[in-house]
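> First the structure, which I've put down as structure tokens, then a few questions once you've had a look.
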Amino acid sequence: MDNSIRIITIVGGGTAGWLTAGVIAAEHLANSEQGIEVRLIESPDVNSVGVGEGTWPTMRGTLKKMGISETDFIRECDASFKQGAKFAKWVTGAENDAYYHPLVLPQGFDEINLVPFWQPHGDKVSFADAVSFQGYLCERGLAPKQNTTPEYAHVANYAYHLDAGKFAIFLQKHCTQKLGVKHILDHVTQVNAQENGDIASLSTKKSGDISGDLFIDCSGFNALLLGQHYQIPFISKKHILFNDTALACHVPYASEDSPIASHTISTGQSAGWIWDIGLPSRRGVGHVYSSAHINDDKAEAELRDYIRSSRADVADELLIRKISFDPGHRQLFWHKNCVAVGLSAGFLEPLEASALVLVELSAQMISEQLPASREVMDIVAKRFNDKFLYRWERIIDFLKLHYVLTKRTDSDYWIDNGKAQTIPEALQSLLTLWRYDAPWHHDFTQTDEVFPSASYQYVLYGMGFETLQRQTKRKSDNAELADLNFKKNSELSQKLLAGLPSNRVLINKIHQYGLQKI
């Protein structure tokens with residue numbers, strides 16, 4: 001009996017479904033006779049959640065592998081460049097309280113840990129500004145490249161802000177027209193099982209039974225296959241990450257040449273935080289909060305107050321959409337011949353744009369380690385589950401890190417976030433360790449960590465964390481090398497500030513002329 005994997009059936013479209021379809025179809029030659037067949041079943045009248053408008057730099061590699069032109073992507077997805085996140089009012093709540101988590105690594109990061117050399121001067125320069133140039137670029141709304149820089153290449157490392165709805169449509173067109181993905185617009189009415197518990201096929205309203213060798217659940221919060229059919233338990237993390245509700249809206253610019261922010265702006269509120277993302281045509285603004293700490297009316301008032309500071313003329317009229325969620329993830333992600341990707345696997349909160357990168361990483365691992373036959377699928381499934389349980393745990397730790405170091409005591413929300421019983425044990429251990437040694441490569445065991453130790457450094461020292469100076473010297477303490485890197489960063493900052501266009505100017509040029517193909 002031939003039990004080789006030849007047909008992959010994806011349930012659900014949206015960004016998760018089409019990104020997964022594209023990654024697998026491109027690698028496994030779905031548009032040729034010898035390749036894998038990729039099918040995507042999408043309900044004609046289910047709207048995707050479509051809030052996640054921030055990506056990671058990994059998206060550049062993902063789009064490139066799928067054969068997508070960066071120029072086309074920017075033009076069709078209302079996309080702009082993102083160079084990091086600015087966290088305002090997370091430490092004290094004061095007006096001047098802000099720090100950056102840039103996307104570039106600290107200067108000389110592979111050879112020296114600059115934290116102990118920066119700390120004595122921490123009152124004069126922020127950690128991010130001392131070790132990287134990107135905060136300076138973001139403050140001035142500059143782009144991460146020039147219009148002569150080829151597609152996907154960079155001067156400063158970058159990700160994207162995009163319109164999630166337009167992105168899904170763009171991916172659908174590319175997958176069906178270029179990559180050979182078969183698109184079935186229909187409702188799934190029933191899941192049909194084999195004797196061994198695998199899924200045999202999916203019954204649909206109009207298209208009959210759709211078979212497959214591997215089924216990928218991209219059905220969103222419904223988790224049609226992994227949750228409803230297989231009843232894989234959902235593990236809530238609300239006791240660690242309190243936010244469970246989001247109010248989202250689109251804010252128009254005052255004029256068509258208004259600056260486009262080069263970073264996500266995350267501003268602390270009384271019981272949550274507000275995201276502010278600049279696209280070429282509008283801003284995406286939303287308030288994510290804990291319903292246990294604030295009611296919807298007060299949360300909406302805080303959101304409209306925030307918008308009023310920049311667009312008082314429209315703040316009261318904007319249409320606001322509410323999304324409720326339970327932060328957490330499935331106990332397993334791959335069971336039998338079914339694997340969940342996207343919201344069906346879980347969701348924590350919008351902080352640090354982890355949702356889309358988990359889709360990318362999931363699609364990448366499924367594609368790279370796609371089982372050749374059913375015989376080896378359970379081995380790959382175990383690997384996948386182990387890897388992604390580790391990744392979800394590390395992401396939870398990293399997101400919680402943003403809350404536990406706050407000095408805010410103006411509301412129960414911030415006070416409760418600092419209570420020991422809400423902090424994962426692994427994070428507590430690291431925080432204890434980091435009081436004596438700054439985060440470094442040896443703190444994390446995986447070669448492909450979701451967040452590198454550099455990210456922990458930016459958040460820790462942005463939040464005012466103090467690592468005690470050692471009383472003894474080490475051979476590796478190299479003050480000369482540290483000074484060299486600080487100087488290098490300062491020179492690079494001046495050079496880039498003088499040479500890079502604004503985000504708006506570059507985006508306009510891309511719309512007009514396009515970027516060079518590599």
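> In region 44-97, which GluC sites (Glu not before Pro) are in a loop and have at most 16 other Cβ atoms within 10 Å, using DSSP for the loop call?
Counting only loop positions with at most 16 other Cβ atoms within 10 Å, the GluC sites (Glu not before Pro) in region 44-97 are GLU95.
> Next question, about the same structure. Determine how large the accessible area of ARG321 is when every protein chain is in place; take a 1.4 Å probe and give Å² rounded to the nearest 10.
110
> Under 5 Å between amide H atoms, partner at least 5 residues away or on a different chain: which partners does TYR230 have, H built in plane at 1.01 Å?
Correct list: empty.
> With every protein chain kept in place and ligands, DNA and RNA left out, what is the accessible area per residue of region 287-404? Probe 1.4 Å, answer in Å².
38
> Starting at the first residue of region 269-283, write each ³J(HN,Hα) from the Karplus equation 6.51 cos²θ - 1.76 cosθ + 1.60 with θ = phi - 60°, in whole Hz, x for Gly and Pro.
Working through the residues one at a time gives 10, 6, 9, x, 8, 10, 8, 9, 10, x, 9, x, 9, 6, 10 Hz.
> Moving on. From largest accessible area down, sort ARG374, ARG60; use a 1.4 Å probe on the protein chains.
Order by accessible area, largest first: ARG374, ARG60.
> Separate question: For a protection proxy built on the mean count of beta-carbon atoms within 10 angstrom, sort 141-147, 36-42, 308-314 highest first, please.
Ranking, from highest mean packing down: 36-42, 141-147, 308-314.
> Please calculate how many Å² of accessible area region 444-518 carries per residue, with a 1.4 Å probe and no DNA, RNA or ligand atoms counted.
62
> Need one value: the accessible area of HIS511 in square angstrom, 1.4 angstrom probe, rounded to the nearest 10.
My reading of the accessible area for HIS511 is about 80 Å².
> Please report the carbon-and-sulfur percent of the accessible area for the chain; probe 1.4 Å, protein heavy atoms only, DNA, RNA and ligands left out.
50
> In whole Hz and in residue order, list the ³J(HN,Hα) couplings for region 148-153 that follow from phi through the Karplus curve 6.51 cos²θ - 1.76 cosθ + 1.60, θ = phi - 60°; x for Gly and Pro.
In residue order, the calculated couplings are 8, 6, x, 3, 6, 7 Hz.
> Additional query: In the full protein assembly as shown, how much of VAL505 is accessible to a 1.4 Å probe, in Å² to the nearest 10?
Approximately 70 Å² for this residue.
> Tabulate in residue order the Karplus-calculated ³J(HN,Hα) for region 291-302, using 6.51 cos²θ - 1.76 cosθ + 1.60 with θ = phi - 60°, rounded to whole Hz; enter x for Gly and Pro.
3J(HN,Hα) across region 291-302, in whole Hz: 5, 6, 10, 7, 8, 4, 5, 5, 5, 5, 4, 5.
> Turning to a different aspect of this structure: State in Å² the accessible area per residue of region 14-155; use a 1.4 Å probe, count heavy atoms of protein chains only, and round to the nearest integer.
39
> Name the residue from PHE398, VAL376, HIS329 whose Cα lies farthest towards the positive end of the charge dipole of region 295-429, charges +1 on Cβ of Lys and Arg and -1 on Cβ of Asp and Glu.
Farthest towards the positive end: VAL376.
> With charges only on Cβ, +1 for K and R and -1 for D and E, what is the dipole size of the chain about its Cα centre, in debye, rounded to 20?
So the magnitude is around 700 debye.
> Pairs LYS166/LYS238; LYS124/LYS487; LYS182/LYS205; LYS387/LYS407: which are spaced more than 25 Å apart, C-alpha to C-alpha?
Result: LYS166/LYS238; LYS387/LYS407 exceed 25 Å.
> So, one more: Helix 453-462 versus the longest principal axis of the chain: what angle, 0 to 90°, nearest 10, using Cα atoms?
50
> Oh, and also: What shape does region 11-152 have by the C-alpha gyration tensor, where a ≥ b ≥ c are the square roots of the eigenvalues, rounded means a/c under 1.5, and otherwise prolate means a/b greater than b/c and oblate the rest?
Prolate is the answer for region 11-152, as a/c is 1.5 or above and a/b outweighs b/c.
> If you don't mind, another one. Near VAL23, within a Cβ-to-Cβ distance under 10 Å, what is the net charge of the other residues, with Lys and Arg +1 and Asp and Glu -1?
-2
> For a protection proxy built on the mean count of beta-carbon atoms within 10 angstrom, sort 96-109, 477-490 highest first, please.
Order by mean packing, descending: 96-109, 477-490.
> Report, to the nearest 10°, how far helix 374-404 tilts away from the longest principal axis of the Cα atoms in the chain, using its own Cα long axis and a range of 0 to 90°.
The helix 374-404 is inclined about 30 degrees to the chain.
> Can you tell me the order of 422-431, 362-371 when each peptide is scored by its average per-residue count of other Cβ atoms within 10 angstrom, highest first?
So the peptides 422-431, 362-371, ranked by packing, come out 362-371, 422-431.
The values are calculated or read from the model by the stated rules, or taken from the named source; none is laboratory data. Source: prediction; values computed, not measured. Here Cβ is always computed from backbone atoms with ideal geometry, including for glycine, and neighbour counts include all displayed protein chains. For accessibility, only protein heavy atoms count, side chains too; no ligands or nucleic acids. Shrake-Rupley method; radii C 1.70, N 1.55, O 1.52, S 1.80 Å.
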